[in-house]
Structures are given as C-alpha cells and as structure tokens.
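The block underneath contains the structure these notes are about, expressed in structure tokens.
The values are calculated or read from the model by the stated rules, or taken from the named source; none is laboratory data. This structure is a prediction, so every number in the text was calculated from the model and none was measured. Every residue, glycine as well, gets a Cβ built from its backbone with ideal geometry; the counts of neighbours run over all protein chains shown. Ligands, DNA and RNA are stripped out before the accessible areas are found, and what is left, the full protein with its side chains, is counted by its heavy atoms. Shrake-Rupley method; radii C 1.70, N 1.55, O 1.52, S 1.80 Å.
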Amino acid sequence: MFESIVPAEMGPVTPVPGDAGAVLVRGWAAGLSDLDQEVSEGVRIDRITAMEELKAALAAAQARETEAFVASRREARAAAGISAEKRGRGLAKEVGLARKDSPNRGGKHLGLATTLVREMPYTYQALAQGRLNEWRATILVRETACLRVEDRAAVDRELCADPTTLQGCGDQRIGALAKQAALRLDPHAVVRRAAKAETGRHVSCRPAPDTMAYVSALLPVVQGVAVTAALVKAADRLKAQGDERGRGQLMADILVERVTGQPAQSPAKIEVQLVMTDRTLFQGDSEPAHLTGYGIVPAHWARDLLRTENTDHEYANGGEEHTVGSLIKGAANGSGEAVAGPADAGNGTGVTGSGPPGAGEPVPVADAAGANGDTRTAGNTREAWAA
C-alpha cells in the first residue's frame, strides 16, 4: 500500500492491531451504541455535551499521536542518512490514509497537529479538555499562521490560558479576537499575508447534490462585497417590479446572465462533454451518464439536457433542424459509450465532440473548498472543455 509513499530505505509502515490504546478507543465506540434510551431529555442533553467533549478530546489525542508519528519518522529517516528536505516526504499521505482522508487533508491535519503540540499549548489543552472543538482550534491556528513563533505563543496564552476568555464565543468571534491580537502584535505580518492572499484569487466549480453545482470566487474583500452588493441591488429592483422569484434565485440568475451573456434559462454557448452509453441514450436505459467537470448525472437528466439543447438550437444552422441523433458522434472507441456535447450555436454548426473528453481546449476546474480551509478531496478536481 505504501510502496510509493515511504522510501525503500525505510520499509512500509502498517497498522499494528491489538494495542491497548486502540482497543480502549474502539471499546468506547462500540459501547456508544448500547446506551440506555429510556432516559429523560436532560440526560440526553448531558450525553450530547459529553460526546462533544469526547470528540474534542479525541481530536487533541489524534494531534498528539500525529505529531509523535511525524517526529519519529523524521528521526528514523535522519538516522538512515536521508537528506533533510526528503524526511517529510509522503507523511501527509500516510496521515490522510490513517484518517481515511485525502493527502491534501492529511497535510492540513499534520500541520494543525504540529502547531498545536509544539507552538500553541494552551489551545491544545483547551481542545483536550473539550472547551474548544477541532474547527475552532483550527481557526486559531489559521489566524496566527503569519506570526512569529513568539507572537503566536502570546496570542495562544492571551486567548486560551484563561478558560473564561472564549467561553460562549462563536466561530466568528473567535476568529475576530485572533485577528485583533495578531494585528496588535505584528500588523506588518498581517498586511503582508493579505497582499499575498490576493494572488490566490480564482473561480472554481464543484459538484453539489441533485445535478447542481457550486461556483465559487475567491476575491479581495472589496471586490467580493461589490459583486454581492451589485447582485442584491439588481435582484431587489426586479422584486420591486413584481418578479416572483426569491432574492437568492434572482441573484443566481442575474450572475449567470451577466457572466455568460445569455438568459439564465438558456445555457451559454459552450460545449459540454457528456458521456453515456448507447443504451442510455437510445434505449432509455437507467445507467447514469458522466458530465465532465461535474461527475455522475441521472440518465433521464442527461437525455433531457440533449433534448433541451437540441430545441434551443434547432434552427441555428440556417433553419436546419438537429435531432438528438445528429448530436452524437461517439461510440467510436468500441466501449459502447457515446460522447456528446450540446450544440455550439456560436458557429451555427451544431457540431459536438467526436471522441473522448479532451478534444476541446482544457479549462481547469478546481475545488473551491481549499479557499475556506476545507480542501475536501483534491482528486475530485476535473476539467471542463470550452469550445
């Protein structure tokens, strides 16, 4: 499993079953399903509180074990003569595997663990005692990342040494207190971090349930507020004119119309790589299709997409009507899959992709989660092709 992760000089690391600590933790997990359910509401609330405290304590214990694992691995690699810059190679992947998470997330878990154990002992203690949950500890680590070790320790002590300081504070308040402390201790570091952050501005798309998608933009705060204000203003104007759509619906539709130049009900004139079997397309089979840049979509939805696009563009080529069959030029790879793309009215031809995705110019579609600290799975990133 780990051949490509751990250098050959070290040999793979595999879990060792039967450890007393692991048995104890698994015993707790097994016992939770056997709790008496004939109890009062007050007891249930107390259990929920205790379980939340346990989750936080487990997060702290995971951080301690992670940091110890990393330190041990680095020492072993140093003793084996591996150069300093290679001693941490693959550790994020191993941590991600152990936590049933992606390598990207594994790297974040690793960084959080190292910071909590080595640089923010009071935050670590608050997590271990259940006074902070893992996400709020992450907020404190994130907001102090630009500071020197000494200044970060000062913020840690200021906010978490006294158990009452953050009592009753929510996520936003904790983040604001950490930012204020960081600005007070080293305003230049915060400004430099903000300037660097602007270079990371981007737009990304990731799948949402029910054939929806999240399109996110990471922008400098002034631009982000301006975009939102413009959408709100336009939506409110339409509402005042009697439009029955909700404000959120209006803002979404206005965004699509302004970006694509097309009505929200009619998608932009781009080629969408839609892959389905010939049975799904022609015989009404229920086998799902695959939409490049999104993922699995229902068979019925995929067929409707082709019918909709065909109707929208049926006279785009000098009055020539395009049937669903004319939109398909796939199944040439012998796999029984048809590769289709809605007609491109931009050139009036109605021609679509004639093979596997990749015929058009690739446009990266990144996962926006990384922008808010939640990277999810980097492997979910796909590519869409714009004609």
- Being at pLDDT 90 or above, assigned to a loop (DSSP other than H, G, I, E, B) and not acidic (D, E) is the filter here, so list the residues in the range 18-54 that pass it. L35, Q37, V39, S40
- Item | Index of the failed condition, Y124 passing every other in (1) free of Cβ contacts under 8 Å to residues at least 60 places away in the same chain; (2) in contact with a Leu (Cβ under 6 Å, 6 or more places away or on another chain); (3) open to solvent by 30 Å² or more (accessible area, probe 1.4 Å) | (1)
- Does the range 235-242 contain any residue that is in contact with a helix residue (DSSP H, G or I) (Cβ under 6 Å, 6 or more places away or on another chain) and surrounded by 18 or more Cβ atoms within 10 Å (Cβ to Cβ)? yes
- So which residues in the range 85-116 are among the aliphatic types (A, V, I, L, M) and buried (at least 19 other Cβ atoms within 10 Å of the Cβ), if there are any at all? L91, A92, V95, L110, L112, A113, L116
- Restricting the first residue to the range 69-86 and requiring it to be without any contact (Cβ under 8 Å) to a residue 12 or more places away in the chain, which pairs with a second residue that is open to solvent by 50 Å² or more (accessible area, probe 1.4 Å) meet a Cβ separation below 7 Å and a spacing of at least six or different chains? A78/R87
- Identify, by number, the condition in (1) open to solvent by 40 Å² or more (accessible area, probe 1.4 Å); (2) of a type in the set (S, T, Y); (3) touching a Gly at 6+ places or on another chain (Cβ under 7 Å) that T277 doesn't meet. (1)
- Task: May I ask you to verify whether A226 is small (G, A, S), touching a Phe, Trp or Tyr at 6+ places or on another chain (Cβ under 8 Å) and not in a loop (DSSP other than H, G, I, E, B)?
- Result: no
- Options D162, D210: the member that is at positive phi and outside any helix (DSSP H, G or I): D210
- Message: Being modelled with pLDDT of 95 or more, open to solvent by less than 80 Å² (accessible area, probe 1.4 Å), farther than 29 Å from M51 by Cα and not aromatic (F, W, Y): is that true of D162 here?
- Response: no
- Item | Some residue of the range 191-203 being under 30 Å from L305 (Cβ atoms), loosely packed, with under 15 Cβ neighbours inside 10 Å and in contact with a Phe, Trp or Tyr (Cβ under 9 Å, 6 or more places away or on another chain) | no
